[in-house]
1. One residue is enough: does segment 104-114 have a residue meeting the conditions of a type in the set (Val, Ile, Thr), in contact (Cβ under 8 Å) with a residue 60 or more places away in the chain and either surrounded by fewer than 20 Cβ atoms within 10 Å (Cβ to Cβ) or in the same structural domain as PHE50 (by TED's automatic domain parsing) (or both)?
2. How about segment 7-24: which of its residues are modelled with pLDDT under 95, farther than 16 Å from ILE97 by Cα and either in a helix (DSSP H, G or I) or of a type in the set (Phe, Trp, Tyr) (or both)?
3. Any residue that is assigned to a helix (DSSP H, G or I) and under 11 Å from the mean Cα position of the chain (by Cα) - is there at least one of those in segment 71-86?
4. Among the numbered criteria (1) among the hydroxyl-bearing types (Ser, Thr, Tyr); (2) within 21 Å of SER89 (Cα to Cα); (3) touching a residue at least 60 places away in the same chain (Cβ under 8 Å), which single criterion is violated by THR192?
5. What number of residues within segment 133-161 satisfy the criterion of being in contact with a helix residue (DSSP H, G or I) (Cβ under 8 Å, 6 or more places away or on another chain), in contact (Cβ under 8 Å) with a residue 40 or more places away in the chain and either part of a loop (DSSP other than H, G, I, E, B) or of a type in the set (Phe, Trp, Tyr) (or both)?
6. Among the residues of segment 34-83, count how many are touching a helix residue (DSSP H, G or I) at 6+ places or on another chain (Cβ under 8 Å), surrounded by fewer than 13 Cβ atoms within 10 Å (Cβ to Cβ) and in the same structural domain as ARG185 (by TED's automatic domain parsing).
Amino acid sequence: MTTKEKILNSALTLFAENGYDGTSMEQIADMVGIKAPSLYKHFKGKEDIFNTLLDQAETRYAENFGSVNNAKIPESVEEFISSVMNSVSFTINDPLIRKMRKFLVKEQFRNEKLADITTRHQIIGLQKMYAKIVEGMMKKGLFRKDDPETVAMELIAPVVLYVSRTDRQPEYRKEALKKIEKQLRHVCGHYTEKR
């Protein structure tokens, strides 16, 4: 691991534990095992470290979870459920994403920018992405016609709650995945039933 990677990893750990304002450049340097002025060889300051972490997390999330821009319309309900479960497993288990989510959830009440990012990631972005997928599934005849945004919210709201529980109680991950799949199958069953 390079010094720059160690700085980012240490900073995110400290941000998740202490918050942004509660983390100093000195603490980051101590955790890395270097002197605080050495941090400035790699980053302009704490905000630069944070912005780099945010960029990394957003790129990683888009590549492994998806986004409204790269939402793939599945060919079957089973493919949809499998895709969602892979995405949820990623978000629950990826250390970078878990630490970033923990940090954002804490900081959203202290920082308007971070509140916007949290809302975008945990509500608006997810709803838009899944509304696009659901609408595509409706066009393919995989789901009966309904309001895609409402169906998307029915799908994601319980998932977000289960994921947040795994952040508080990591030992709950396995059970959460089972409950999430059960919820997905329930909602999908409702929208595939003939009426």
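1. Filtering segment 104-114 for residues of a type in the set (Val, Ile, Thr) gives 105.
Keeping just the survivors that are in contact (Cβ under 8 Å) with a residue 60 or more places away in the chain gives 105.
Add one more test, that the residue is either surrounded by fewer than 20 Cβ atoms within 10 Å (Cβ to Cβ) or in the same structural domain as PHE50 (by TED's automatic domain parsing) (or both), and what stays is 105.
There is at least one residue in segment 104-114 that is of a type in the set (Val, Ile, Thr), in contact (Cβ under 8 Å) with a residue 60 or more places away in the chain and either surrounded by fewer than 20 Cβ atoms within 10 Å (Cβ to Cβ) or in the same structural domain as PHE50 (by TED's automatic domain parsing) (or both).
2. ASN18, TYR20
3. At the first step, the residues of segment 71-86 found to be assigned to a helix (DSSP H, G or I) are 77-86.
Filter again for under 11 Å from the mean Cα position of the chain (by Cα), leaving none.
No, because not a single residue in segment 71-86 is assigned to a helix (DSSP H, G or I) and under 11 Å from the mean Cα position of the chain (by Cα).
4. (2)
5. Summing the residues that are in contact with a helix residue (DSSP H, G or I) (Cβ under 8 Å, 6 or more places away or on another chain), in contact (Cβ under 8 Å) with a residue 40 or more places away in the chain and either part of a loop (DSSP other than H, G, I, E, B) or of a type in the set (Phe, Trp, Tyr) (or both) in segment 133-161 gives 4.
6. So the answer is 3.
The values are calculated or read from the model by the stated rules, or taken from the named source; none is laboratory data. Note that the structure is a prediction, hence the values are computed from the model and not measured. As a convention, Cβ positions derive from the backbone with ideal geometry for all residues, glycine included, and neighbour counts pool all protein chains shown.
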